Every structure is written in structure tokens, then in C-alpha cells.
Amino acid sequence: MDADQVVHNETFSGKDWALAEVGRVHYEDCAFHDVDWSEARLTGCTFTHCRFGNVRFNAAELNNCAILQSVVERSSFFDATLTGCKLTGTQFLDCGLRPLTIDGGDWGFVSLRGQNLTGAKLAGLRLREADLTGADLSRADLRDADLFGARLADAKLKGTDLRGADLGGVQLKDIDITGTKIDVPQAVLFAAAYGAKVEG
């Protein structure tokens, strides 16, 4: 595909793009069904208002890509690497997201409801106002993550490391922190959320 190409309102079905190298292609209002992007390398690509169904990103590398306000359903990211990617407002539905390597990026307003993120390494990731309702974050590393305003009701957090994470605006009473690693300032926040008077 040509660099800086804009692809608008196209539907791609049954494509075998395994091992492909795609750079600076901008997809708008496109649909991808049964597409194989295994071991592909995507660099500087953007997907805006797109739909992905049964797409395989297994062992793919996404570098500085953006998937914005899109829907990703029944797709696999097994052993994929996302570096500096922006996923603002994108919904993940029934996807395979393990194991997945994430290096920085902006996942603000992303919906990961009910997704299995066991053991995910999300340290330092921007997850502002993300919907993690019912997600399995057991043993996930969320140290120093930006979780401001995130929804964590019914999320599984056993063994999850939340130390240093920004929990401002989070409904803390909705969270079961049994077995969760938190720091002292966070402990104070949780205590206050349950009506305790914390005194020095």
C-alpha cells in the first residue's frame, strides 16, 4: 500500500495480509472481516470509525498506530506488540488479548468490559475514563497507570499491582481490592471512600 494513502468506506473480507508491512495508511469508516494480519508490521497507521471482526493480529507489531472510536470484535492479539498506540474510544468485544506487549500509548475512554487481561503489563499506560467493568485484571501490572475516572466495578484485581496509579474520580466503593497491591496514599483514599476518618 502506498505511504500516506487514505482508504475510505471500504470493506475487506478474507484478506491474507500476514507478514505485510504497512506504513502511514489512514483507514476511515472501513470494515475488516476475517483478515489475517499475523506477524504484520503496521507503522503510523490510523483506523477511524472502523469495525474489525475475527481479525488476527497474532505476533503483529503496531508502532505509533491509532485505532479511534472503532469496534474490535472476536479478534486475536496473541503475542502482539503495541508501541505508542492510541486507542481512544475503541471497544473491544470478546477479543483475545493475552499475551500482549504494550509499550506506552493512550488508551483513554477505551472499553475493555469483561475482557481477560490476566497478567497484563499496563504500567504507566493512560487509561483515563476507560471502562474496565468486569475485566479480569488478576496479577496485572498497573503501577503508575492513569486510571482517572476509570470504571472498575466487578473487575477482578487479585494480585493486581495498583501502586502509584492515579485513582482520582474512580468509584472506589465499587472495587473489591482483596489481594490487591496498593500504596499508602491509595489506602487512605479507599478508607475515606468507606467513610473512615483518616487522621495523621
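For the reader, a short list of remarks on this structure follows.
- Lone unmet requirement of (1) in contact with a strand residue (DSSP E or B) (Cβ under 8 Å, 6 or more places away or on another chain); (2) open to solvent by 30 Å² or more (accessible area, probe 1.4 Å); (3) more than 23 Å from Ser70 (Cα to Cα); (4) of a type outside the set (Gly, Ala, Ser) for Asp141: (2)
- Residue check for Asp103: under 24 Å from Gln69 (Cβ atoms), under 15 Å from the mean Cα position of the chain (by Cα) and at pLDDT below 95: yes
- Residue, least open to solvent (accessible area, probe 1.4 Å), within the range 1-60, restricted to residues that are in a strand (DSSP E or B) and either basic (Lys, Arg) or on the phi > 0 side of the Ramachandran plot (or both): Arg56
- Output for the range 109-125, where each listed residue is farther than 20 Å from Ser76 by Cβ and surrounded by 21 or more Cβ atoms within 10 Å (Cβ to Cβ): Leu125
- Hey, Cys65 open to solvent by 10 Å² or more (accessible area, probe 1.4 Å), at pLDDT 95 or above and not hydroxyl-bearing (Ser, Thr, Tyr) or not: no
- Filtered residue count, the range 166-190, keeping only those that are open to solvent by less than 30 Å² (accessible area, probe 1.4 Å) and over 19 Å from Leu127 (Cα atoms): 1
- Failed item in (1) open to solvent by 30 Å² or more (accessible area, probe 1.4 Å); (2) outside any strand (DSSP E or B); (3) at positive phi; (4) of a type outside the set (Phe, Trp, Tyr), with Gly104 passing the rest: (2)
- Residues being among the hydroxyl-bearing types (Ser, Thr, Tyr) and out of contact with any Leu (no Cβ under 7 Å at 6 or more places or on another chain) - total across the range 158-200: 2
- Residues that are among the basic types (Lys, Arg) and more than 10 Å from the chain's Cα centre (by Cα) within the range 75-100 comprise just one, Arg98.
- Scanning the range 27-48 for residues that are over 18 Å from Leu82 (Cβ atoms) and of a type outside the set (D, E, K, R) yields Cys30, Ala31, His33.
- Criterion (more than 21 Å from Leu42 (Cα to Cα), small (Gly, Ala, Ser) and either modelled with pLDDT of 95 or more or part of a loop (DSSP other than H, G, I, E, B) (or both)) met by exactly one of Gly84, Gly89, Gly134: Gly134
- Here Val198 does not qualify as open to solvent by 50 Å² or more (accessible area, probe 1.4 Å) and in a helix (DSSP H, G or I).
- Filter result for Ile67 (assigned to a strand (DSSP E or B), in contact with a Lys or Arg (Cβ under 7 Å, 6 or more places away or on another chain) and over 20 Å from Val170 (Cβ atoms)): no
- Output for the range 77-92, where each listed residue is open to solvent by 40 Å² or more (accessible area, probe 1.4 Å) and closer than 14 Å to Leu132 by Cβ: Gln91
The values are calculated or read from the model by the stated rules, or taken from the named source; none is laboratory data. As the structure is a prediction and not an experimental result, all values here were calculated from the model. No Cβ is skipped: glycine too gets one built from the backbone with ideal geometry, and neighbour counts run over all protein chains shown. Each accessible area value is taken on the protein alone, full model and side chains, heavy atoms only, with ligands, DNA and RNA left out. Shrake-Rupley method; radii C 1.70, N 1.55, O 1.52, S 1.80 Å.
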